[in-house]
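Take a look at the structure below.
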Amino acid sequence: MDEKIISRLCLECFSKFPMSIERCGVGQGNFVFIVEYPHTKYIVRCSLECNAYENTVYWLKKLSSIEIPVPKIIEKGKFEKYEYLILSYIDGKDIGLVYAQLKEEDKKAIAKEIVNIQNKVAALELENIAPDWSWRAFINYMLERAGKRIAQNGYFEVEKVERLWKQAEQFEEYFAGVKPVAYLDDISSKNLLIHNGRISGIIDIDWMGIGDRLTYVALTNMALLNMGYDIDYVIYILEEMQVNAIEKKAFWFYTLMYCVDFMGERGVQFMDKTVEVNEQIIRKLNGIYDRLWDERNCS
């Protein structure tokens with residue numbers, strides 16, 4: 001998709017061409033652009049999928065109703081062969097981009113904010129939960145996907161996933177006790193916008209996590225480890241959540257689950273971009289996995 005299409009779309013929606021168009025980073029199902037006019041900016045999302053933004057609109061309205069800082073819906077529809085969604089622009093940068101500049105008090109405050117936000121989300125009433133819903137099914141899906149991708153790409157050892165299958169058996173009772181509760185599941189190093197050391201917005205909400213919200217903390221943990229940062233922010237979240245002993249062990253398992261998920265994504269093509277892979281990345285992810293595995297008796 002090129003910027004000429006976005007320019008024509010903006011002309012149709014706003015009756016004039018934008019001053020600038022900027023393509024955003026890698027997306028797994030959308031083309032995302034920032035378009036700028038003299039006094040404002042918008043986010044333009046496009047997809048080839050039919051009804052691509054039905055869930056996005058649904059959840060944005062739900063979250064807005066409980067005062068979660070999400071973008072406002074400006075326009076939605078179909079243009080040429082694309083479904084599109086135009087959203088308000090929120091000032092701020094992904095937490096991963098500013099993490100190194102955050103002070104300890106900032107990390108503590110953001111951790112408190114995000115736990116409060118997740119508590120609000122958890123209170124949402126969910127509709128159409130399948131009668132056979134189970135958290136173990138999600139765990140199975142994640143491990144199966146990671147194992148399949150790793151086997152296909154050949155950059156890592158499938159044995160690393162096989163170890164986690166065995167570990168999962170030790171959490172059967174815990175997984176069985178997880179209820180279908182809503183949570184924001186994709187706010188690790190990205191999608192959580194920070195401005196002046198505080199949360200300014202949450203973006204890219206195409207779906208909602210249903211189940212154990214410890215997974216978003218584990219995903220954040222894995223993302224920070226992958227970026228070579230400290231995990232103080234994660235520690236503050238866990239303290240704010242007042243996790244118990246079994247939850248700490250589940251958190252360890254989830255972090256390893258996302259580690260093999262990261263491994264499985266290396267070399268995979270999403271849309272028109274391929275996830276980078278090289279010897280340094282392979283060594284780094286293997287090292288993170290090994291260090292986490294060695295912590296299994298200490299978690």
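For the chain, the solvent-accessible area of protein heavy atoms averages 51 Å² per residue (probe radius 1.4 Å; ligands and nucleic acids excluded). Sparse packing (at most 14 other Cβ atoms within 10 Å of the Cβ) combined with a DSSP loop state is found for the following GluC sites (Glu not before Pro) in the stretch 216-299: Glu276, Glu295. Model label points for Val98 and Ile235, set 7 angstrom from Cα along the Cα-to-Cβ axis, are 2.3 nm apart. Dipole magnitude for the chain: computed about the Cα centre from +1 point charges on Lys and Arg Cβ and -1 point charges on Asp and Glu Cβ, it is near 360 debye.
The C-alpha atoms of the chain define a longest principal axis, and helix 54-65 lies at about 90 degrees to it. With contributions of -39500 (n - 2.57) from each DSSP H run of at least four residues, the per-residue ellipticity at 222 nm computed over the chain stands at -15000 deg cm²/dmol.
Labels on offer are (i) 6, 25, 33, 20, 11, 5, 1, 0; (ii) 7, 30, 37, 20, 6, 1; (iii) 6, 25, 33, 26, 9, 1, 0, and the one holding P(r) over Cα pairs in 10 Å bins from 0, in percent computed from this structure is (iii). On the chain, 48 percent of the accessible area sits on carbon and sulfur atoms, based on a 1.4 Å probe. Taking Cα atoms only, the orientation of helix 279-294 departs from the longest principal axis of the chain by about 50 degrees. For the stretch 105-132 versus the stretch 187-221, the spacing of their alpha-carbon centroids is 10 Å.
If a/c stays under 1.5 just call it rounded; otherwise compare a/b with b/c (prolate if a/b is bigger, oblate if not). Do that for the stretch 187-273, with a ≥ b ≥ c from the square roots of the Cα gyration tensor eigenvalues. Here the stretch 187-273 falls in the oblate category. The trypsin sites (Lys or Arg not before Pro) of the stretch 97-185 that DSSP puts in a loop, and whose beta carbon has at most 15 other beta carbons within 10 Å, are Lys103.
Projecting the Cα atoms of Cys50, Leu60, Ala123 onto the charge dipole of the stretch 47-145, computed from C-beta unit charges around the Cα centre, puts Ala123 farthest toward the positive end. Compare the Cα positions of Cys24, Ile237, Ile34 along the charge dipole of the chain (+1 at Cβ of Lys, Arg; -1 at Cβ of Asp, Glu; about the Cα centre) and return the one farthest towards the positive end. Farthest towards the positive pole: Ile34. For Lys76, nonlocal amide neighbours, meaning residues 5 or more places apart or on other chains whose placed amide H falls under 5 Å from its own, are Ile86.
In the elastic network of the chain, a GNM with C-alpha springs shorter than 10 Å, the most mobile of Ile235, Ile129, Ile194 is Ile129.
In order along the stretch 153-168, the phi-based Karplus estimate (6.51 cos²θ - 1.76 cosθ + 1.60, θ = phi - 60°) of 3J(HN,Hα) comes to 7, x, 8, 10, 8, 4, 4, 5, 6, 4, 4, 6, 4, 5, 5, 4 Hz; Gly and Pro are listed as x. Phi-derived couplings, Karplus 6.51 cos²θ - 1.76 cosθ + 1.60 at θ = phi - 60°, listed residue by residue for the stretch 195-206: 9, 6, x, 9, 6, 10, x, 10, 10, 6, 9, 9 Hz, with x used for Gly and Pro. Among the GluC sites (Glu not before Pro) in the stretch 98-149, those placed in a DSSP loop whose Cβ has at most 10 other Cβ atoms within 10 Å are Glu125, Glu127.
Exceedance of the 27 Å cut-off in Cα-Cα distance is limited, within the set Lys62/Lys103; Lys108/Lys248; Lys41/Lys81; Lys16/Lys72; Lys62/Lys93, to Lys62/Lys103. Relative contact order of the chain, taken over Cα pairs closer than 8 Å and 6 or more residues apart, is 19 percent.
Which residue, chosen from Phe138, Ile194, Phe175, occupies the Cα position most advanced towards the positive end of the dipole of the chain, where the dipole is computed from +1 (Lys, Arg) and -1 (Asp, Glu) charges on Cβ about the Cα centre? The one lying farthest along the dipole's positive direction is Ile194.
For the chain, take the longest principal axis of its alpha carbons; what is the angle in degrees between that and the long axis of helix 104-122, to the nearest 10 within 0 to 90? On a 0 to 90 degree scale, this one is about 80.
The values are calculated or read from the model by the stated rules, or taken from the named source; none is laboratory data. Computed from a predicted model, the values in this text were never measured in an experiment. Please note: Cβ atoms are built from the backbone with ideal geometry, for glycine as well, and neighbour counts cover all protein chains shown. Ligands, DNA and RNA are stripped out before the accessible areas are found, and what is left, the full protein with its side chains, is counted by its heavy atoms. Shrake-Rupley method; radii C 1.70, N 1.55, O 1.52, S 1.80 Å.
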